[in-house]
Every structure is written in structure tokens, then in C-alpha cells.
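In what follows, a structure is listed as C-alpha cells, so that the remarks can point back to it.
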Amino acid sequence: MNSENILEVKHLHKRFASKGVVVKAVTDVSFDVKPGETIGIVGESGCGKTTLGRCIVRAYDASEGEVFYRTRDGEELDFLKVDRKKMKSIRKEIQMVFQDPYSSLDPRMTVLDIIKEPLKANYPKMSKAEMDQRAKDMATKVGLNPTYLMRYPHAFSGGQRQRIGIARALILNPQIIVCDEAVSALDVSIQAQVINLLHDLQKEMKLTYLFISHDLSVVEHISDKVGVMYLGKMAEFAETEELYAHPLHPYTEALLSAVPVADPTVQIERIPLQGEIPNPANPPSGCYFHGRCRYCTEKCKTETPEFVELKPNHFVACHRAKELSLRGFAYDTKPEAKDE
Ligand code: SF4
């Protein structure tokens, strides 16, 4: 494991088998994460990003591959191979914040009990008074009023409920948080508040985030690096600014063309994605994206492009990445001056 990294995902695969059909949800995904970084993972629904996140926190067992993780004590582990006993002590270092703040909180528990539940499970000898105090401190840290903690989740707004979910994830003092569509169910103004909160908590608690979202404008704001997934594979991975300004994969270009721009004078030609996402149980030959790609050639239909580092720290899987000149987000989008 590289000494600079906290997490290394290597050739990760996840297959689900049901009634004789094998679905490749994640295929050969690799990337590295440094401590304190935020990695955004984007793609349409069904692209495998949630499954990838769940394999990394070991909510799912990966079918193949490795996830190397550096613990708080500096131990290097192949996270996917550690036994149950070891897993219990490590799991508190990698936590997850879920999409839906409405269904991920038990409506029969008070908010105080929800936030301190992980403490009960991991520190059975801790006194009730200490658990309560820690839960109140964490509630304050995420912007909740500690005097309201004896209420039930239904008494809170969507944004407040997501703060409860964040407090519950942070109470064990983790190193890594996997945020799965953590702000997608919220209004735009509330999204911004929760993203700012995540940002502040990251600095204060030295957190590393894996931020999974279908929303490229949200991911741009929070991420240092972004991976674009398509049909279970990583299509492109680069630093955020580089990826948004100079995409190398036609799928990234199409996704970026659909991101709304705040400036009403800017007109963007939207690049339509033809057709539907193919069935992952029966993926296309060659490049998985070929049936929807406007740059497709005969080679794309039969040969699988490799995921290569085409520019420093900019990885892509496309046969034509070297020759294509793709359009980035909100660059060169000002309407050209018309001749009078
Ligand atoms: Fe499009 Fe071909 Fe590149 Fe696939 S390999 S993204 S089909 S140009």
C-alpha cells in the first residue's frame, strides 16, 4: 500500500446471481484515496456506484478484488479479508450516511437514542450518562438543538433528519464516511447547508469522504477527485477541475452537458444520451457505452477499451480519448457574438 493513501480499491468486482442470471454490478474498479480527500462517484442510477460504496464498507462482500485500508493505528489491512472479530473494531472507522433521511431513521426511537445507538453497540461498558453527553455534543456539532433530542424523527425536517444521520455516522469518530446520495432528497437550499456542514466537519474531524451522487453539480462542489461510472465500470477518473474542464470520455461530456448553469445568458447545447442504459445482466460487447456514444466506431463495438492514465492523474477507458476534443462544463458555452 502506498504510504500516502488511506484507501486503495484494486480491481473490485461485485456480481449478483439470481435464478441462474449473473448481474455484473461492479466490474474491475480501481482508485486510490488520500486522507482528508473527497472522492465523488457519479453516474446514472444503476451504474453500480451504490454497490461500490457498499462493497467498500463491507455491507456487501465483493466477488473479487482488494480494498486496502490504513487504520487509525497505522495498520495496513486488506479490508475485504479481515475476519468478523477484527471487522467489528475496524467498522467504526468507516461509516455510511444514507440517501433517505425519512426511511433510514427508526421512527420509534428518540433522536437521542438514534444518535447514541452505535455507542451502545460498540462500547457496551460505557455509562448511560457518558453516551448521552457524547450524543448531545455530536448533535450540537452537526447543528441540532440538543434540547430537542427526546423528540422522534417525524418532528424534524428533511435537512434536520439528515443532520441526525450524519451525527449517528460520526459518533464513533470514523476516518472515512461513505455518503450515498446523502443530499439528493433535499431541497437545493438545504442541500447547500448540508454540504457546507460536511465540509466543516471534514476539516474539524479530519474526515475522508466517498461522495456518491447522480448530481454532477453537487459532486463538483464537494469533491477533490471524481470517478464517473457507467454500467459497473469506471469510465473516467481525475481531479475535479480537470475532469469538468477537460473530460476525456464521451459519457462524461454528455453528463456535463446536462448540468444546469446558473448564468441565464449561457446557452448550452445538451448532448442527448441515445437509448437506455443496457441490461447489466447482458452487457454490450466492446465498449459498454458504444450503443449510446455519438463517437462510436467499429472498433468500439468489438474491443473493450482499457482504463489507462492518459494524462497525469487522469484515467479514462475510451479508444478515441487521445483524438477527441470534448466539451467541458460551462467552458466555451457563451453564445458567439452575432454579426450585425
Ligand atoms: Fe465511445 Fe468508442 Fe470511446 Fe466507447 S470507446 S466511449 S464507444 S468512442
Odd one out for residue 162 among (1) at pLDDT 95 or above; (2) in contact with a strand residue (DSSP E or B) (Cβ under 8 Å, 6 or more places away or on another chain); (3) part of a helix (DSSP H, G or I): (1)
Residues that are out of contact with any Pro (no Cβ under 9 Å at 6 or more places or on another chain) and of a type in the set (Lys, Arg), drawn from the range 195-222: 203
Among (1) under 22 Å from residue 194 (Cβ atoms); (2) without any contact (Cβ under 8 Å) to a residue 24 or more places away in the chain; (3) open to solvent by less than 80 Å² (accessible area, probe 1.4 Å), the one test that residue 96 misses: (2)
Count of residues meeting criterion [exposed (fewer than 13 other Cβ atoms within 10 Å of the Cβ) and of a type in the set (Phe, Trp, Tyr)] in the range 296-311: 0
Residues of the range 144-159 that turn out to be in a helix (DSSP H, G or I) and either in contact with a Leu (Cβ under 8 Å, 6 or more places away or on another chain) or touching a residue at least 60 places away in the same chain (Cβ under 8 Å) (or both), as a count: 3
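Go through the range 32-43 and give me each residue that's under 16 Å from residue 278 (Cβ atoms) and open to solvent by 10 Å² or more (accessible area, probe 1.4 Å).
Residues satisfying the conditions do not exist here.
Can you tell which of 262, 182 is buried (at least 17 other Cβ atoms within 10 Å of the Cβ), away from the ligand (no atom under 16 Å from the Cβ), assigned to a loop (DSSP other than H, G, I, E, B) and among the small types (Gly, Ala, Ser)?
One residue alone meets the criteria, 182.
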The range 305-329 residues that are over 11 Å from residue 287 (Cβ atoms) and away from the ligand (no atom under 12 Å from the Cβ), paired with ones that are open to solvent by 30 Å² or more (accessible area, probe 1.4 Å) and hydroxyl-bearing (Ser, Thr, Tyr) (beta carbon under 6 Å, 6 or more apart): none
Matching residues in the range 195-216 - criterion: being open to solvent by 10 Å² or more (accessible area, probe 1.4 Å) and either touching a Cys at 6+ places or on another chain (Cβ under 7 Å) or part of a loop (DSSP other than H, G, I, E, B) (or both): 206, 214, 215
Residue check, residue 97 at pLDDT 90 or above and either basic (Lys, Arg) or farther than 28 Å from residue 215 by Cα (or both): no
Residue selected from the range 224-248 under the condition assigned to a loop (DSSP other than H, G, I, E, B) and open to solvent by 10 Å² or more (accessible area, probe 1.4 Å), by the criterion farthest from the ligand (Cβ to nearest atom): 224
When residues of the range 314-338 are limited to those that are modelled with pLDDT under 95 and over 23 Å from residue 218 (Cβ atoms), the one farthest from the chain's Cα centre (by Cα): 338
Subset of the range 44-85 (residues that are of a type in the set (Ser, Thr, Tyr), over 12 Å from the mean Cα position of the chain (by Cα) and buried (at least 21 other Cβ atoms within 10 Å of the Cβ)): 69
Residue check, residue 192 closer than 24 Å to residue 23 by Cβ and either away from the ligand (no atom under 16 Å from the Cβ) or part of a strand (DSSP E or B) (or both): no
Condition met for residue 251 (more than 16 Å from the ligand (Cβ to nearest atom), touching a residue at least 12 places away in the same chain (Cβ under 8 Å) and not in a loop (DSSP other than H, G, I, E, B)): no
Cβ-Cβ under 7 Å pairs, at least 6 apart or on other chains, the range 112-125 side free of Cβ contacts under 8 Å to residues at least 40 places away in the same chain, far side assigned to a helix (DSSP H, G or I): 112/132; 112/135; 120/131
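The values are calculated or read from the model by the stated rules, or taken from the named source; none is laboratory data. Quantities reported herein were computed from a predicted structural model and do not represent experimental measurements. Counting neighbours? That spans all protein chains shown, and the Cβs are built from the backbone with ideal geometry, glycine included. Keep in mind that these areas ignore ligands, DNA and RNA; they rest on the heavy atoms of the full protein, side chains included. Shrake-Rupley method; radii C 1.70, N 1.55, O 1.52, S 1.80 Å.
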